[in-house]
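Novice: Input: one structure, supplied below.
The values are calculated or read from the model by the stated rules, or taken from the named source; none is laboratory data. Quick caveat: nothing in here was measured; it's all calculated off a predicted structure. All Cβ positions, even for glycine, are placed from backbone atoms using ideal geometry, and neighbour counts span all protein chains on display. Surface accessibility is based on the protein's heavy atoms, side chains included, excluding ligands, DNA and RNA. Shrake-Rupley method; radii C 1.70, N 1.55, O 1.52, S 1.80 Å.
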Amino acid sequence: MGDSTTAGTPAFKSPIESPPNGHGDHTSQYAYWLMQSHPEWEVLNHGVNGERSDQVRSRFERDVVAAAPKAVVIIAGVNDVYQGRSLEHVATELSAMYARAAQAGIRVVAGSIIPYNTATPEQNARMRQINAWIRRQPGIWFVDTRAAAAAPGNPDTLLDSPDGLHPPAAGYHRMADAIRPALEQVLR
């Protein structure tokens with residue numbers, strides 16, 4: 001559940017964006033790579049390009065709770081940062097999603113906001129603040145998807161990117177490799 005970094009932008013449109021099965025390069029989404037490593041898993045891609053955390057939250061009941069998964073991966077907040085919204089705004093929206101998932105008996109794996117290459121120093125600082133806040137939340141499994149997608153030695157830049165904003169398929173594979181151990185723990 002999340003924004004473009006869940007959807008698989010720019011090479012893939014999620015099933016929410018392009019029903020019924022999505023469209024584009026299926027390897028350009030972490031859901032694909034999770035299912036490659038665990039064929040017994042059904043991983044639903046409910047990402048939508050460009051959405052802020054409040055927009056992701058507005059779909060949470062329909063796209064997560066109604067599906068009744070055992071676990072949900074939530075990555076959201078980058079578009080809030082891009083649009084100048086505060087840590088408090090993102091924290092309020094993420095907290096509501098974490099609480100609603102817990103209330104529904106759905107375990108939460110929370111990914112950190114990944115970098116984008118055109119972010120200003122102030123935007124990177126805000127992303128670090130939000131990620132530190134996510135890491136401290138009780139009752140969730142934190143995954144540092146930012147580190148997974150970032151260039152070695154430069155956590156504020158993507159390892160590689162077709163558009164400067166999103167990872168390529170290999171970056172989504174790296175994100176899946178970071179998420180997979182948390183899901184394996186959660187689903188035991």
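Novice: Within region 58-81, restricting attention to residues that are touching a Ser or Thr at 6+ places or on another chain (Cβ under 9 Å) and either of a type outside the set (Val, Ile, Thr) or in a helix (DSSP H, G or I) (or both), which residue is nearest to Gln185 (Cα to Cα)? Break it down into steps so the answer makes sense when it comes.
Specialist: Restricting attention to region 58-81, the residues satisfying the condition of being touching a Ser or Thr at 6+ places or on another chain (Cβ under 9 Å) are 73-80.
Among the residues that remain, those that are also either of a type outside the set (Val, Ile, Thr) or in a helix (DSSP H, G or I) (or both) are: 76-80.
Working: Ala76: 22, Gly77: 25, Val78: 26, Asn79: 29, Asp80: 30 Å.
In this case the residue turns out to be Ala76.
Novice: Is it true that some residue in region 164-187 is acidic (Asp, Glu), closer than 26 Å to Arg85 by Cβ and open to solvent by 30 Å² or more (accessible area, probe 1.4 Å)? Break it down into steps so the answer makes sense when it comes.
Specialist: Initially, region 164-187 is screened for residues acidic (Asp, Glu), giving 177, 184.
Checking which are closer than 26 Å to Arg85 by Cβ leaves us with none.
No, that holds for no residue.
Novice: Within region 110-122, count every residue that is surrounded by fewer than 22 Cβ atoms within 10 Å (Cβ to Cβ) and either assigned to a loop (DSSP other than H, G, I, E, B) or in contact with a Ser or Thr (Cβ under 6 Å, 6 or more places away or on another chain) (or both). Spell out the reasoning first.
Specialist: Taking region 110-122 first, the residues surrounded by fewer than 22 Cβ atoms within 10 Å (Cβ to Cβ) are 117-122.
Going one step further and asking which of them are either assigned to a loop (DSSP other than H, G, I, E, B) or in contact with a Ser or Thr (Cβ under 6 Å, 6 or more places away or on another chain) (or both), we end up with 117-120.
Count: 4.
Novice: Could I ask something else about it? If I go through region 123-180 residue by residue, how many of them are among the aliphatic types (A, V, I, L, M) and part of a helix (DSSP H, G or I)?
Specialist: So the first thing to find is which residues in region 123-180 are among the aliphatic types (A, V, I, L, M), and the list is 125, 127, 130, 132, 134, 140, 143, 147-151, 158-159, 165, 169-170, 175-176, 178-179.
If we keep only those that are part of a helix (DSSP H, G or I) as well, we get 125, 127, 130, 132, 134, 147-149, 169-170, 175-176, 178-179.
Count: 14.
Novice: Would you tally the residues in region 19-66 being open to solvent by 70 Å² or more (accessible area, probe 1.4 Å) and closer than 16 Å to Gly111 by Cβ?
Specialist: Selection size over region 19-66: 2.
Novice: Filter region 138-163 for residues that are of a type in the set (D, E, K, R), open to solvent by 30 Å² or more (accessible area, probe 1.4 Å) and either closer than 24 Å to Ile106 by Cα or touching a Cys at 6+ places or on another chain (Cβ under 8 Å) (or both) and give the result. Give the derivation first.
Specialist: Let us first name the residues in region 138-163 that are of a type in the set (D, E, K, R), namely 144, 146, 156, 160, 163.
Within this subset, residues satisfying the condition of being open to solvent by 30 Å² or more (accessible area, probe 1.4 Å) are 144, 156, 160, 163.
The one that is of a type in the set (D, E, K, R), open to solvent by 30 Å² or more (accessible area, probe 1.4 Å) and either closer than 24 Å to Ile106 by Cα or touching a Cys at 6+ places or on another chain (Cβ under 8 Å) (or both): Asp144.
Novice: If only one of Arg107, Arg135 is surrounded by fewer than 16 Cβ atoms within 10 Å (Cβ to Cβ), modelled with pLDDT of 95 or more, over 23 Å from Pro10 (Cβ atoms) and basic (Lys, Arg), which one is it?
Specialist: Details: Arg107 fails: surrounded by fewer than 16 Cβ atoms within 10 Å (Cβ to Cβ).
The unique qualifying residue is Arg135.
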